[in-house]
Amino acid sequence: MILAHDGGTIPIRLACLDLAGTTIGDIAMIERAFAEAIATQGIVPGTGAYARAMVHVHRSRGCPTIDVFRGIFPDNEAQAQAANLTFERSYEGAIGRSGLIPMPGIVETLDRLRDGGVKICLITGFSRTALSRVLSALSWSDRIDLALSPEDTGRGRPMPDMVLSAVLRLGIQDVRQVAVAGDSESDMLCGRRSGASVVAGIMTGVHSRERLLKGGATHLLDSIADLPTLLLDDKMAETPVGASAC
């Protein structure tokens, strides 16, 4: 529960959780897929263009993958689309070869939240096709209520569309009953723009404490495994903005 301005409490009824870097640990796999994708478009390791492109990839984590490539190839939509297609093929191939590694404690986290009356929505910057492949590999269908990609809602992060769509689809009455958790600045911006009461930065991913706070994190957590305590423990609910479990 979260402490309201009037002294009462607002129960959290929906948790929107990011995938890569937050609930699954596939950061290196994604980095390689991005590198392979831009290499097919002539941007290869060892060049200044490659270094600049990978910096852009890092800064844009959490955003729709197609938007990341549009940032790298701003004047060539066909090139961006081709790179995005290569990215998806590379990533799906890696999943097929190595599988996905759930973050420590994530299964218990999902179960504790749902047992506490909190619905679960996974949100991502992946396409719907890539998201479906991830969900198939994870076999979490009985532990989540919804999973959304930017294609499902019109706009991806840092816009709030996926969170607000989850609110509507899952019948949440008040955006203050929502918690958003992720490892990137765009996750934090998405959560703040949606009106969520809790915007938790998870310190297991790509962006630093400073970037997460810059994006508007209300809390910082060592891992996703700490989220149930934050959302379900009345004392933790009173933790001030910017406080950290780190």
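The values are calculated or read from the model by the stated rules, or taken from the named source; none is laboratory data. It should be emphasised that the depicted structure is a prediction, and the values quoted were computed from it without experimental measurement. So basically every Cβ, Gly included, is an ideal-geometry build from the backbone, and we count neighbours across all protein chains shown.
Any residue at all in the stretch 220-232 that is under 17 Å from residue 125 (Cβ atoms), of a type in the set (A, V, I, L, M) and either surrounded by 21 or more Cβ atoms within 10 Å (Cβ to Cβ) or at pLDDT 95 or above (or both)?
Checked the stretch 220-232: no residue is under 17 Å from residue 125 (Cβ atoms), of a type in the set (A, V, I, L, M) and either surrounded by 21 or more Cβ atoms within 10 Å (Cβ to Cβ) or at pLDDT 95 or above (or both).
Quick check on my filter: what residues within the stretch 31-50 are buried (at least 23 other Cβ atoms within 10 Å of the Cβ) and either modelled with pLDDT under 90 or more than 29 Å from residue 192 (Cβ to Cβ) (or both)?
Across the stretch 31-50, the qualifying residues are 37, 38.
Out of the residues in the stretch 24-61 that are touching a residue at least 40 places away in the same chain (Cβ under 8 Å) and among the small types (Gly, Ala, Ser), which is nearest to residue 85 (Cα to Cα)?
Top of the filtered list is 37.
Residues 120, 106: which one is in contact (Cβ under 8 Å) with a residue 40 or more places away in the chain, farther than 16 Å from residue 25 by Cα and surrounded by fewer than 23 Cβ atoms within 10 Å (Cβ to Cβ)?
Within the list 120, 106, the selection yields 120.
Identify all residues within the stretch 56-96 that are within 12 Å of residue 130 (Cα to Cα) and part of a loop (DSSP other than H, G, I, E, B); write none if there are none.
The one that is within 12 Å of residue 130 (Cα to Cα) and part of a loop (DSSP other than H, G, I, E, B): 64.
State the number of residues belonging to the stretch 104-126 that are of a type in the set (Gly, Ala, Ser) and either at pLDDT below 95 or in contact with a strand residue (DSSP E or B) (Cβ under 9 Å, 6 or more places away or on another chain) (or both).
Number satisfying all stated conditions: 1.
Among the candidates 15, 28, 53, single out the residue that is modelled with pLDDT of 95 or more and in a helix (DSSP H, G or I).
53
Return a yes/no flag: does the stretch 72-93 have any residue that is farther than 27 Å from residue 38 by Cβ, at pLDDT 95 or above and surrounded by 15 or more Cβ atoms within 10 Å (Cβ to Cβ).
Taking every residue of the stretch 72-93 in turn, none turns out to be farther than 27 Å from residue 38 by Cβ, at pLDDT 95 or above and surrounded by 15 or more Cβ atoms within 10 Å (Cβ to Cβ).
Which of the residues belonging to the stretch 31-50 are more than 18 Å from residue 185 (Cα to Cα), part of a helix (DSSP H, G or I) and either of a type outside the set (A, V, I, L, M, F, W, C) or touching a Leu at 6+ places or on another chain (Cβ under 7 Å) (or both)?
Selection gives 32, 36, 48, 50.
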